[in-house]
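The values are calculated or read from the model by the stated rules, or taken from the named source; none is laboratory data. Every value quoted in this text rests on a predicted model; they were computed, and no experiment measured them. We place every Cβ from the backbone using ideal geometry, glycine too, and count neighbours over all the protein chains shown. The area values use the complete protein model at the heavy-atom level, side chains included, leaving out ligands, DNA and RNA. Shrake-Rupley method; radii C 1.70, N 1.55, O 1.52, S 1.80 Å.
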Amino acid sequence: MQSNQTTSEHDSASSRSHDMVATTINFSGAKQRSVESKTRKRVLNRRNDLLTLIQLDFNSFDLFDLAPVTEYNFYIKNFGSQNSGQASTQCNDDAIEIEIQTDQPEVGDRWSQHPPDGAIACGGTTVTEDSPHLRMLAAMRDDSNRFSEFLVYASDIIDSSFEEALLWRGNKPNSFTPITSCDASTKFNTNIPYLHGRKILHTIFGNGMIAVTFGGACHDVTTRIDQRGIITVWKVSNNEQPYRILICDASPVTCCFAHNKKILFVGTDDGCVLLYDLTEPTTMHQQMELEKNMMTVMRNATYTTGWQNEIHTSPIVCLGSVGSFENMSQLFSIDESARLCVWVVVDIISDVDDDVGLVPHGRVKLVKSSVINVISNKPSSSGLGGSATFAVCPDSNTFYVGTDLGDVISCTRENKTRTYNLPGNKSSVTSISFNQFISTLMLVSYKSGDIALFMLDRDTPVISWPLDGTSILSCDWSNSRPSVFFSLDSTNHLQVWDLMAMDAAPVSDDSFEQKVICFSVDGHSQKSTNLLVAFDSCEFEILKMKSHFVNSVSTDEVEQMTSLVQSFG
């Protein structure tokens with residue numbers, strides 16, 4: 001019994017020892033699970049918070065797109081299951097009686113454009129002989145630049161012809177003239193308040209337009225406009241009121257038109273070159289009541305070079321186009337010191353331009369191209385350089401500048417110079433004119449009363465005509481005959497020279513009752529020769545020359561004139 005009790009106690013002790021080992025607690029594992037549980041709870045809480053802030057975008061697309069079955073395909077699909085069979089096949093034998101679809105169709109390349117570019121909105125590479133409209137459109141498209149130039153040139157000729165026809169239409173009350181070399185005259189109304197007390201400084205005439213520059217008023221200044229220079233632009237068909245009235249601060253001493261008659265360039269006595277865009281709306285300019293119950297629009301310059309102090313420091317003496325007037329894109333200006341500047345006429349595309357010389361909303365300006373000192377430090381036949389009095393540029397590269405010492409200096413853009421002079425003459429050059437039919441003939445007038453005819457390949461004239469006791473104000477070739485030119489002297493005499501009829505003296509010499517300031521010839525008239533004459537009394541008129549000064553005496557007058565000039569030398 002004792003042994004059994006002992007054994008039972010031993011087993012009981014062993015059982016308690018085994019139970020103690022089986023119930024050992026893993027504290028590290030419990031701690032790890034607690035940490036993971038807390039981490040999972042934080043992630044879930046963060047997820048719940050972010051779900052309210054995140055919005056997913058949905059994008060759906062078709063992985064397979066099957067177009068609906070057409071009616072024809074549906075018929076072919078069911079054809080084999082129907083109680084029918086194919087009866088015949090088209091093989092072009094029945095083309096005469098039945099409309100068929102087995103012939104190859106005519107195919108051509110065509111293009112279209114939207115929105116259309118002008119009148120041409122479609123076209124192609126193939127133009128058939130029976131479609132003249134398409135041939136015309138193709139020709140216009142291939143040569144559009146020449147066609148546009150033709151339209152501009154033709155419209156200018158038609159406009160000029162209409163203006164000229166209106167000028168001499170009917171018998172006007174003031175058409176009579178005592179000048180024997182003229183058929184008729186047209187006087188322009190200058191009895192306008194803002195022109196009272198002013199003197200005419202310069203005139204330009206061409207393409208049915210007239211520009212007359214006036215200095216400041218001589219009487220007591222009563223309005224602000226009286227002390228400013230004025231340029232009036234007229235259409236020859238209206239001699240009562242000017243077409244445009246332009247103002248400037250200085251005295252406008254010279255001017256010239258652009259080839260399209262929409263721009264006027266003006267040179268002033270303070271060395272400025274002004275550009276006036278004649279097409280600008282009136283809202284851009286000031287209106288003044290200079291006449292009772294009538295508002296007058298006074299236009300300021302669109303562009304001025306006055307802010308460029310290094311260009312011209314003395315009065316401008318001449319403005320002109322570089323090369324042909326019809327293709328004018330450049331302008332030259334020259335001052336008394338013979339400093340010549342070439343300008344490029346530029347259209348403004350953008351509404352914003354930082355050029356300080358351009359008026360707000362102006363669309364045209366001048367850009368300096370080059371500057372040439374023609375006679376600076378250059379000795380002449382008299383030993384001094386002198387100053388410039390006149391200039392002209394018959395081609396795009398050579399400038400001819402007259403000086404107050406009697407020299408005519410030709411200067412190219414490469415500064416190659418040549419001097420023409422009348423031996424024994426030291427008086428000032430007053431004008432230079434080139435023959436429109438024979439470009440190698442240059443006519444020069446002098447203050448001494450001499451007129452000289454030069455050929456460009458000779459330094460001295462081939463012939464000269466001295467008019468003693470007078471001074472030649474200006475001379476100019478005719479626009480209609482190569483052998484006719486006109487001259488005006490200081491005694492108010494207008495001479496008409498016809499070298500084919502008489503080469504020693506003028507064929508006509510008429511005197512004006514009033515003191516004449518200047519004259520200019522309409523070099524672009526198509527049917528007649530017209531002269532614009534300005535007087536010291538602030539009046540001006542247009543004279544129509546007689547027909548025998550306009551119509552050529554023979555068909556080969558140019559060749560005869562060339563032979564005559566060569567015989568002089």
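What to note about this one:
- Cα gyration tensor shape of the stretch 175-272, rounded if a/c is under 1.5, else prolate or oblate by comparing a/b with b/c: oblate
- Listed peptides 426-434, 533-541, 305-313 by packing density, highest first (mean Cβ within 10 Å): 426-434, 533-541, 305-313
- Solvent-accessible surface of the stretch 389-495, averaged per residue with a 1.4 angstrom probe and all protein chains in place: 33 square angstrom.
- Potential lengthening between His493 and Val371 on full extension [0.36 nm per residue; Cα-Cα distance subtracted]: 40.1 nm
- Neighbourhood net charge (12 Å Cβ-Cβ; Lys/Arg +1, Asp/Glu -1) for Cys248: -1
- Under 25 Å from Lys41, Cα to Cα: lysines that are on another chain or at least 8 residues apart: Lys31
- Within the shell of other residues whose beta carbon sits under 15 angstrom from the beta carbon of Gly449, the net charge comes to -2, with Lys and Arg scored +1 and Asp and Glu -1.
- Of the solvent-accessible surface of the stretch 231-356, computed with a 1.4 Å probe over protein heavy atoms with every protein chain present, carbon and sulfur atoms account for 47 percent.
- Cα gyration tensor category, rounded, prolate or oblate, for the stretch 495-558 with a/c compared to 1.5: oblate
- J(HN,Hα) series, the stretch 446-453, from Karplus relation 6.51 cos²θ - 1.76 cosθ + 1.60, nearest Hz, glycine and proline x: 10, 5, 6, x, 9, 10, 10, 10
- Residues whose placed amide H lies under 5 Å from that of Ile263, excluding near-sequence neighbours: Ala258, Leu278
- Above-threshold pairs, the threshold being 27 Å between Cα atoms, out of Lys261/Lys426; Lys199/Lys544; Lys365/Lys515; Lys187/Lys426: Lys261/Lys426; Lys365/Lys515; Lys187/Lys426
- The modelled label-to-label distance between Phe162 and Gln286, using points 7 Å beyond Cα along the C-beta direction, is 3.5 nm.
- Net charge, Leu331 excluded, C-beta distance under 12 Å - Lys, Arg +1, Asp, Glu -1: +2
- Cα-based shape type of the stretch 271-373, given that a ≥ b ≥ c are square roots of the gyration tensor eigenvalues and the cut on a/c is 1.5: prolate
- Within the accessible area of the stretch 525-569 (1.4 Å probe), percent carbon and sulfur: 45 percent
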